[in-house]
1. What's the percent breakdown of Cα-Cα distances in the stretch 93-135 across 10 Å bins, shortest bin first?
2. Semi-axes of the stretch 129-181's equivalent ellipsoid from the Cα gyration tensor, sqrt of 5 times each eigenvalue, largest first, rounded to whole Å?
3. I need the fraction of alpha carbon pairs in the stretch 1-90 separated by more than 17 Å, rounded to a whole percent.
4. Report the charge-dipole magnitude of the stretch 32-106 in Debye, nearest 20, computed about the Cα centre from +1 at each Lys and Arg Cβ and -1 at each Asp and Glu Cβ.
5. How big is the gap, in Å, between the Cα center of the stretch 36-50 and the Cα center of the stretch 120-181?
6. Report the semi-axes of the equivalent ellipsoid for the chain in whole Å, largest first, where each axis is √(5λ) for an eigenvalue λ of the Cα gyration tensor.
7. Cut-off 10 angstrom, C-alpha nodes, Gaussian network model of the chain. Which of P61, P149, P13 fluctuates the most?
8. Given the rule -39500 (n - 2.57) for each run of at least 4 DSSP H residues, summed and divided by the residues of the chain, what is its mean residue ellipticity at 222 nm, to the nearest 500 deg cm²/dmol?
Amino acid sequence: MPGYGPTPLTELPEIAAELGVGRFFVKDESSRLGLPAFKALGASWAVHRVLSSRGAGDGAPVRLVTATDGNHGWAVARTARLLGHRAHVFVAHGVHPGAVAAIAGEGARVTEVAGVYDDAVRAAAEAAAEGSDAVLVQDTAWPGYEEVPGWIVEGYSTLFAEVDAQLAAADAGPPALVAVP
């Protein structure tokens, strides 16, 4: 993925002392592939898997469709832009204007849905089903739509592989506890 690099793993000895633990590390995901979240890992991996399964490596443009309330849609839009594809992102009414602007800033078409997040997901799924050039890259699963959300979760595992390598480099050994918000 263009621009990929591990995010920092920072040791915080003051927090370790305060908590009474040996060592304390924080994985800083505030700049993953230029985005403020880890979501780019899942979106980029799922898009890679989707394109590979469709044989889209032939250069034919694909329209990546998703619904979001922020970072997932931004990550899909960024991935589409970086790989030369189009994105169509559905947002529920009330999604923060800054999130909408960031998604649109990636060149994505943004459609606001009058309703809640689940309504946006339904609209995205319907839009993706309408065209042969479209593929749904949704991080929400439902019966019959589990493969792509599973790939998104697989993509997040990159974060843990990075942590393992960074802890080994810091001679920290395996963690006793990993907390994920």
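The values are calculated or read from the model by the stated rules, or taken from the named source; none is laboratory data. Every value quoted in this text rests on a predicted model; they were computed, and no experiment measured them. No Cβ is skipped: glycine too gets one built from the backbone with ideal geometry, and neighbour counts run over all protein chains shown. Ligands, DNA and RNA are excluded from the accessible area calculation, which covers all protein heavy atoms including side chains. Shrake-Rupley method; radii C 1.70, N 1.55, O 1.52, S 1.80 Å.
1. Result, from short to long distances: 26, 49, 24, 0 percent.
2. Three semi-axes, in Å: 35, 12, 7.
3. The share of Cα pairs beyond 17 Å in the stretch 1-90 comes to 56 percent.
4. For the stretch 32-106, the charge dipole is close to 120 debye.
5. What the calculation gives is 7 Å, centre to centre.
6. Numbers: eigenvalues 219, 66, 43 Å².
Computed over the chain, the values are 33, 18, 15 Å.
7. Among P61, P149, P13, the largest GNM mean-square fluctuation belongs to P13.
8. -14500 deg cm²/dmol
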